[in-house]
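Enquirer: The structure under discussion is supplied below as C-alpha cells; questions concerning it will follow.
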Amino acid sequence: MGSRLSMRPWGWLMLWCTVWIAGCAPTKATVKTIRDTDKGYTIQQLQGNLLGGSRSYQTGRLYFNLERIERQDGQITYALLIEYEGENWLFIERGESLVLRINGQEQKLKGEGSWRSRDVSEAGYAIERARYPLTLLDLLRLASAQRVEVEVIGSQRRVQGWFTEENFRYLRRFIADYVQASEFASP
C-alpha cells in the first residue's frame with residue numbers, strides 16, 4: 001500500500017511534465033489554399049508560423065504568416081499577416097506598427113492595424129491580426145537573411161520575436177512552392 005501512495009506524486013509529476021513539454025513544443029506551420037471563383041482570386045496562406053521569443057501567452061505569442069494572392073487577371077500581391085495571441089490586448093496600431101530588423105537593418109511596414117480583426121479565443125486569450133503589404137523583393141530579403149527580429153507596436157505596449165531556423169525553413173519552403181519563376185521577371 002505504501003508504494004502505491006508514493007507512486008501518485010510521481011504520476012502527477014510525469015503528467016505535468018508531459019503537458020508542459022507539449023505546450024512548449026513548436027507549432028507546425030501549414031499552407032492553406034483559398035479559391036474564390038466568383039471574386040476571381042486564389043490565395044495561398046502560410047499559417048501557424050510561431051516566432052521565437054514569443055511562445056508565452058503572458059508576454060504574447062507572435063505568428064509571422066504570409067499570403068500570396070493571385071487574381072484572375074494574373075496580378076500577384078503578397079502580404080505579411082501578423083497574428084498576436086496573449087492574455088492582454090495589444091491593440092496593434094494603424095500606420096508603421098511593424099518593425100523588421102533584417103541583419104541589423106531596420107525596415108518599418110505600414111498596415112491598417114488590428115481594428116478589423118480582434119477576437120477572443122476559446123481559452124479566453126486576446127487574438128489580433130494585422131496585414132502588411134509586401135513586395136517580392138521584401139520576401140526575398142527575409143528569406144536570404146541571417147537574422148530577422150520582429151517588433152509589433154500596439155497602443156498598450158510592444159511585443160517582440162525573432163526568426164528561428166524553423167521560421168526560415170517555412171518561409172523558404174513557401175517561396176519555393178508558391179512563387180513562380182515568372183514572378184521574378186520585371187514587368
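Laboratory data are not the source of any read-out in this text; all were calculated from the coordinates shown. Here the structure is a predicted model, which means the values were calculated and not measured. A quick note on method: Cβ atoms are made from the backbone with ideal geometry, for glycine too, and the neighbour counts reach across all protein chains shown.
Enquirer: Roughly how big is region 29-182's charge dipole about its Cα centre, with Cβ charges of +1 (Lys, Arg) and -1 (Asp, Glu), in debye to the nearest 20?
Expert: Result for region 29-182 is approximately 220 debye, rounded to the nearest 20.
Enquirer: Also, I was wondering about something else. Add +1 for every Lys or Arg and -1 for every Asp or Glu among the other residues with Cβ under 13 Å from the Cβ of A176, and state the total.
Expert: Summing Lys/Arg as +1 and Asp/Glu as -1 gives +2.
Enquirer: In region 29-182, if the dipole is taken from +1 on Lys/Arg beta carbons and -1 on Asp/Glu beta carbons about the Cα centre, which of L100, T33, I43 is farthest to the positive end?
Expert: L100
Enquirer: Same structure again: Using only the Cα atoms of region 29-182, what do you get for the radius of gyration and for Dmax, in Å?
Expert: When restricted to the Cα atoms of region 29-182, Rg and Dmax are 15.2, 45 Å.
Enquirer: What does the net charge come to around W115 if you take all other residues with beta carbon closer than 13 Å to its beta carbon, with K and R at +1 and D and E at -1?
Expert: Taking every other residue near W115 into account, the sum is +1.
Enquirer: Between D177 and V99, what length comes free when the chain is fully extended (0.36 nm per residue of separation minus the Cα-Cα distance, one decimal in nm)?
Expert: So the chain would gain 25.4 nm between D177 and V99.
Enquirer: If you don't mind, another one. What does the charge count near I82 come to, summing +1 for each Lys or Arg and -1 for each Asp or Glu among other residues with Cβ under 12 Å from its Cβ?
Expert: Around I82, the charge tally is -4.
Enquirer: Explain nothing, just compute: Karplus ³J(HN,Hα) = 6.51 cos²θ - 1.76 cosθ + 1.60, θ = phi - 60°, for every residue of region 50-63 in order, whole Hz, x for Gly and Pro.
Expert: Taking θ as phi minus 60°, the curve returns 6, 6, x, x, 9, 9, 10, 6, 5, 8, x, 9, 10, 10 Hz for region 50-63.
Enquirer: Using r as the Cβ-Cβ distance of T164 and K39, and R0 as 41 Å, what FRET efficiency do you calculate, to the nearest 0.05?
Expert: Calculated value: 0.70.
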